[in-house]
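Reading through the C-alpha cells given below for one structure.
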Amino acid sequence: MALVVQKYGGTSVADADRIRDVARRVVDTYKNGSGVVAVVSAMGRSTDELLELAAEVSENPHPRELDMLLTAGERVTMALVAMAIADFGVPATSLTGSQAGILTTGRHGQAEIVEIRADRVRDGLDRGEVVIVAGFQGVDPGSKDVTTLGRGGSDATAVALASALSADHCEIYTDVDGVYTADPRVVPSATKLDEVSFEEMLELASAGAGVLMPRSVEFGRRFNIPIHVRSSFHDGDGTWVKEETMEQPVVRGIAHDDSEAKLTVYRVPDTPGVAASLFEPLADAGITVDMIVQNVSQDGFTDISFTVPLAMIDVAQAQAEVVAEAVDAGGVSVDREIAKVSVVGLGMKTESGTASRMFRILSDHGINIQMISTSPIRISCVISGDKIVEAVSALHEGLGLGGESTG
Ligand code: ADP
Ligand code: ASP
Ligand code: MG
C-alpha cells in the first residue's frame, strides 16, 4: 500500500475550522487507498505565545523546562486532529514525538534526530489507522527528557519520518502555494517554482527562506525523499524539491534573513592563533557564527567581523570582549541593524558574472555592501537592515526572476 507523510504547519491548523479542513484532507487521502501519517505543528502563533509566557515567568527559563512547555503546543494539535478525523469515521491515533520513537540528541531547543524507531507508527498503520505525530519534538534516550528540534522543526520530523517509513515522498502543507523565487510576502511579483533541487533549496533555506527548515532539506537530500511543498488551502500542485531538476538556471531564487547581527573586533594583532582564540569560546558557548570577514592587515593589526543570530548577540559580545582584552585588541562593536540577501542558482557553477551583476544592482540603488560570502551556487551580501526589502525586490527584478512560473 502507498504511504504518504503529510505535514501541516501552524497556519494550516490555526483554528477549529482549519483543523477540520486538515482532517478532511487526510481522510480523502486515506479513502483513496493510501496509508497516512500526518505530522502537525502547534496551532497558529502558539509556540511564540508559549515562549512569551515563559519569558514572563522567568528571566532565563531552564532549557529542559522550556522544551517541556513548547512540546505541549504540538500535543494540543495532534489530539484535536485525531478527534476531527475520527468524526469522519476513520480510525486515528495521535502520538507524541517520544511515542513515535523519534530519538534525538540531548541539546534542548536544538536537538538533532539521531534515530527513528517507528514501530508504534507502523503498528498503527498496520491496524488501518491514520497516525498523527506531534512535530518538532523527540526524546533523548539517555536522559529520557523530551526535546525540541529548533524553530520550524516539524518539517524535519516529517521528512525524517518519511525516510524511516520508506514513503515515496513527503508533503509539506503550508500557507503559500509552494517555494517562490523570493518570499512572496516581501516581493509580490515573485513566482512559484515548479521544482528546485535539494542543493539549491538547502542554500535558500539556510539563507533565510523560512518555507522549509534547512535540516528537513538535508534529510530529503541524504535519503532521497522528494518533498512536495504545497498549499493547505487548495489542491493545486506546489513545488517539488528533489535531486535532479529539468533546468539549472543561473539564478533560481533570492532569500533574505534579518535575524542576524554583526560583531566587529577591531585592531586585533595579526598573529597566528588570534582567530582561534576568538572563535573557540563562541563555539563552546553554542553560538553559530555565519559570515566571517577579516580585513587586510595594516601595521600588524586587522579587523575581524562576523555575524551571529540576533538572539545570541549579547552572549557573543561578552565573549568577544573578554578575548579582545586578552589579546590586546582595540575593542568590540555591535551592529544589530543588518540583513543578508542571497542569490542562489545551480547554473552559477558554470556561468560567471552573477556576483558583478548583483553588486551593480545594489550599487544602482545606493545600497552599501558590508560583507560578502559565497558558495559555488550562492552569493550573499550583508547590507543595512532598512534596505532589505528594496534590495530583494531590486535583485529579483534585475536578475530577471519576475514573469511566468519557472521551474
Ligand atoms: P508553516 O507554519 O506552514 O511551517 P512557515 O511560516 O514556516 O509556515 O513557512 C511559510 C512562509 O515562508 C510563507 O508564509 C512565506 O512568507 C515564507 N517564505 C520565505 N521565503 C519563501 C519562499 N522563497 N517561498 C515561499 N515562502 C517563503
Ligand atoms: N511549532 C514550532 C515552531 O513554531 C515548530 C514548527 O512549526 O515547525 O517553530
Ligand atoms: Mg515552518
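Scanning the range 310-329 for residues that are in contact with a strand residue (DSSP E or B) (Cβ under 7 Å, 6 or more places away or on another chain) and of a type in the set (Asp, Glu), which turns out surrounded by the most Cβ atoms within 10 Å (Cβ to Cβ)?
The residue in question is 321.
Determine the pairs where a residue that is more than 24 Å from residue 309 (Cα to Cα) and near ligand 3 (Cβ under 9 Å from one of its atoms), located within the range 136-157, has a partner that is modelled with pLDDT of 95 or more and of a type outside the set (Gly, Ala, Ser) with Cβ atoms under 6 Å apart, the partner being 6 or more residues away or on another chain.
Listed pairs, sorted by first residue: none to list.
Being modelled with pLDDT of 95 or more, under 27 Å from residue 127 (Cα atoms), outside any loop (DSSP other than H, G, I, E, B) and more than 16 Å from ligand 3 (Cβ to nearest atom), is that true of even one residue in the range 37-44? Walk me through how you get there before you give the answer.
Applying the first criterion (modelled with pLDDT of 95 or more) to the range 37-44 yields 37-44.
From what is left, the residues that are under 27 Å from residue 127 (Cα atoms) are 37-42.
If we keep only those that are outside any loop (DSSP other than H, G, I, E, B) as well, we get 37-40.
Okay, now just the ones that are also more than 16 Å from ligand 3 (Cβ to nearest atom), so 37.
Yes.
Just one of the numbered conditions (1) farther than 20 Å from residue 261 by Cα; (2) in contact with a Pro (Cβ under 6 Å, 6 or more places away or on another chain); (3) free of Cβ contacts under 8 Å to residues at least 40 places away in the same chain; (4) not aliphatic (A, V, I, L, M) is not true of residue 352; which one?
Tallying (1) farther than 20 Å from residue 261 by Cα; (2) in contact with a Pro (Cβ under 6 Å, 6 or more places away or on another chain); (3) free of Cβ contacts under 8 Å to residues at least 40 places away in the same chain; (4) not aliphatic (A, V, I, L, M), residue 352 fails exactly one: (2).
Can you name the residue in the range 265-309 that is in a strand (DSSP E or B) and aliphatic (A, V, I, L, M) and, of all such residues, is surrounded by the fewest Cβ atoms within 10 Å (Cβ to Cβ)?
Selected residue: 292.
Here is a yes/no grid of residues against (1) modelled with pLDDT of 95 or more; (2) within 16 Å of residue 154 (Cα to Cα):
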position	(1), (2)
12	yes, yes
17	yes, no
46	yes, yes
52	yes, no
55	yes, no
60	no, no
71	yes, yes
78	yes, yes
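Go through the residues of the range 226-246 one by one and say whether even a single one is part of a helix (DSSP H, G or I), under 15 Å from the mean Cα position of the chain (by Cα), at pLDDT 95 or above and surrounded by 24 or more Cβ atoms within 10 Å (Cβ to Cβ).
No, the range 226-246 contains no residue that is part of a helix (DSSP H, G or I), under 15 Å from the mean Cα position of the chain (by Cα), at pLDDT 95 or above and surrounded by 24 or more Cβ atoms within 10 Å (Cβ to Cβ).
For residue 210, only one of the following conditions fails: (1) among the small types (Gly, Ala, Ser); (2) near ligand 1 (Cβ under 9 Å from one of its atoms); (3) out of contact with any His (no Cβ under 7 Å at 6 or more places or on another chain); (4) closer than 23 Å to residue 248 by Cβ. What is its number?
Unmet condition: (4).
Could you say which residue among 79, 72, 54 is within 16 Å of ligand 2 (Cβ to nearest atom) and in contact with a Pro (Cβ under 7 Å, 6 or more places away or on another chain)? Break it down into steps so the answer makes sense when it comes.
On the way: 79 fails: in contact with a Pro (Cβ under 7 Å, 6 or more places away or on another chain); 72 fails: in contact with a Pro (Cβ under 7 Å, 6 or more places away or on another chain).
None of the other options fit; the residue is 54.
With the requirement that a residue be surrounded by 18 or more Cβ atoms within 10 Å (Cβ to Cβ), assigned to a loop (DSSP other than H, G, I, E, B) and more than 16 Å from the chain's Cα centre (by Cα), what does the range 192-225 give you?
225
Given (1) in a helix (DSSP H, G or I); (2) over 20 Å from residue 173 (Cα atoms); (3) of a type in the set (A, V, I, L, M, F, W, C), identify the lone condition not met by residue 85.
Unmet for residue 85, out of (1) in a helix (DSSP H, G or I); (2) over 20 Å from residue 173 (Cα atoms); (3) of a type in the set (A, V, I, L, M, F, W, C): (2).
Could you check residue 101 against (1) on the phi > 0 side of the Ramachandran plot; (2) out of contact with any strand residue (DSSP E or B) (no Cβ under 7 Å at 6 or more places or on another chain); (3) surrounded by 18 or more Cβ atoms within 10 Å (Cβ to Cβ); (4) of a type outside the set (Val, Ile, Thr) and say which number it fails?
(2)
If you scan the range 355-385, which residues turn out to be among the hydroxyl-bearing types (Ser, Thr, Tyr), without any contact (Cβ under 8 Å) to a residue 40 or more places away in the chain and in contact with a helix residue (DSSP H, G or I) (Cβ under 8 Å, 6 or more places away or on another chain)?
374
The values are calculated or read from the model by the stated rules, or taken from the named source; none is laboratory data. None of the values given here were measured: they were computed from a predicted structure. We place every Cβ from the backbone using ideal geometry, glycine too, and count neighbours over all the protein chains shown.
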